[in-house]
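Comments concern the structure below.
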Amino acid sequence: MMLRCLVACAIALSLADARGAGASTPAPEPRMGAHGLMLPGTLAGDLPAATGPGIRHELDLWPDQLFQLRRTWLSARRSEDMLGRWHLDPDRRAIILEGGASPAPQFEVLGNGNLRLLDHQGQRIESQLPYTLERQDRFVPFEPRLALRGMFLYFADAARFTECRSGRSWPVAMEGAFLGLQRAYLEARPAPQVPVLAEIEATIAQRPRMEGGGTEAAVIVERLVRLVPGEACDRPAARPGLRNTAWRIASLGGAAIGADQGRREPYLLLSGAAPRFSATVGCNQMIGGFETSGDTLRFRPGPSTMMACPPPLDAQERTLAATLTDTASYRIDGTRLTLLDADGRALSTLEAAYLP
């Protein structure tokens with residue numbers, strides 16, 4: 001059973017996306033998510049420290065929930081890098097950086113797209129001191145140096161490393177301590193094309209692409225800590241609830257919905273703290289109340305902003321308003337939410353986004 005799982009993982013790894021932290025290929029045009037951030041993006045600022053002049057923060061965020069954070073203690077010029085997966089707490093308008101630090105850093109998303117550091121309990125720090133990271137004009141990821149834990153695979157003269165927390169996969173450069181890792185892997189693997197869990201010290205930096213021109217982010221192994229044959233990354237799949245989940249609208253009335261350039265992605269959010277909802281297709285924001293019991297769900301639409309929406313957003317917005325009015329029940333299958341009318345017909349499908 002474990003071997004079949006590992007072989008399946010190997011196939012997935014061999015087909016994984018080669019994009020990584022610090023990729024030199026042109027970054028996609030930033031888009032605003034349901035969280036209110038324009039991503040991908042770099043945010044930075046010097047935040048207060050218990051002693052000394054403060055701690056410089058450089059934070060890179062990707063839409064697929066990869067993050068990397070560099071903290072530099074200005075008094076000692078000492079830096080610490082972190083990489084992992086961020087997720088959203090919609091009710092608190094907060095993002096949480098799960099990268100191994102305890103407690104995990106948390107930031108409130110401000111209305112202007114900046115971030116404000118929260119305390120260890122995730123509450124606002126009441127202070128006149130500067131606790132804000134400001135969005136930078138350009139997305140320029142730094143090249144992190146840190147300990148990594150993930151699945152290593154070497155096959156057909158190519159190697160890949162998939163980091164456990166983020167799920168991001170990178171090619172492994174054949175330099176540094178690569179040969180030692182390669183030899184240890186070939187001795188430890190249970191069968192060809194089967195990945196092995198590896199703990200390494202590494203840098204993620206730009207290297208020439210194996211095919212085509214330009215460069216791409218790659219893992220440069222500095223030291224092999226250990227291999228753990230027979231084990232794999234263990235990140236349980238999140239189970240979204242109806243409330244306090246950012247539901248990305250995938251279809252309305254049977255028609256696919258996507259995010260328009262420069263506009264907020266279409267989403268529906270039902271608050272966990274109060275029976276209130278907010279929704280948009282990327283133009284006006286609709287708000288109101290809702291009632292739910294079991295699998296029944298009724299929306300009570302309230303006011304909305306009144307901007308003129310260009311096509312096709314104007315028609316999509318009317319369809320969204322009608323969908324909210326006609327919804328009578330819902331169904332959640334994994335990470336998919338379906339809104340149903342009184343006859344059980346599907347009105348809209350939505351996908352849970354920014355989960356842990």
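The values are calculated or read from the model by the stated rules, or taken from the named source; none is laboratory data. Nothing here was measured: the structure is a model prediction, and the numbers come from that model. Note that we place each Cβ from the backbone using ideal geometry, even for glycine, and neighbour counts take in every protein chain shown.
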Fill in: The lone exception for ALA156 - which of (1) buried (at least 20 other Cβ atoms within 10 Å of the Cβ); (2) in contact with a helix residue (DSSP H, G or I) (Cβ under 9 Å, 6 or more places away or on another chain) it fails
(1)
Worksheet item: Is it true that ILE200 is surrounded by 18 or more Cβ atoms within 10 Å (Cβ to Cβ), of a type outside the set (Lys, Arg), touching a Leu at 6+ places or on another chain (Cβ under 8 Å) and assigned by TED's automatic domain parsing to the domain that holds ARG160?
Response: yes
Fill in: Any chance GLY84 is in a strand (DSSP E or B), in contact with a strand residue (DSSP E or B) (Cβ under 9 Å, 6 or more places away or on another chain) and either among the aromatic types (Phe, Trp, Tyr) or in the same structural domain as ARG207 (by TED's automatic domain parsing) (or both)
no
Worksheet item: How many residues does region 240-265 hold that are farther than 20 Å from ILE95 by Cβ and either of a type outside the set (Gly, Ala, Ser) or out of contact with any Lys or Arg (no Cβ under 9 Å at 6 or more places or on another chain) (or both)?
Response: 13
Item to complete: Could you check, for region 178-193, whether at least one of its residues is in contact (Cβ under 8 Å) with a residue 40 or more places away in the chain, crowded, with 16+ Cβ neighbours inside 10 Å and among the hydroxyl-bearing types (Ser, Thr, Tyr)?
Response: yes
Discussion item. Yes or no: region 289-306 includes at least one residue that is outside any loop (DSSP other than H, G, I, E, B), exposed (fewer than 15 other Cβ atoms within 10 Å of the Cβ) and at pLDDT below 95.
Written reply: yes
Discussion item. Given the criterion assigned to a loop (DSSP other than H, G, I, E, B), under 18 Å from the mean Cα position of the chain (by Cα) and touching a residue at least 12 places away in the same chain (Cβ under 8 Å), identify the matching residue among PRO103, PRO130, PRO141.
Written reply: PRO141
Item to complete: Taking only region 243-262 into account, find how many residues are surrounded by fewer than 16 Cβ atoms within 10 Å (Cβ to Cβ) and assigned to a loop (DSSP other than H, G, I, E, B).
Response: 5
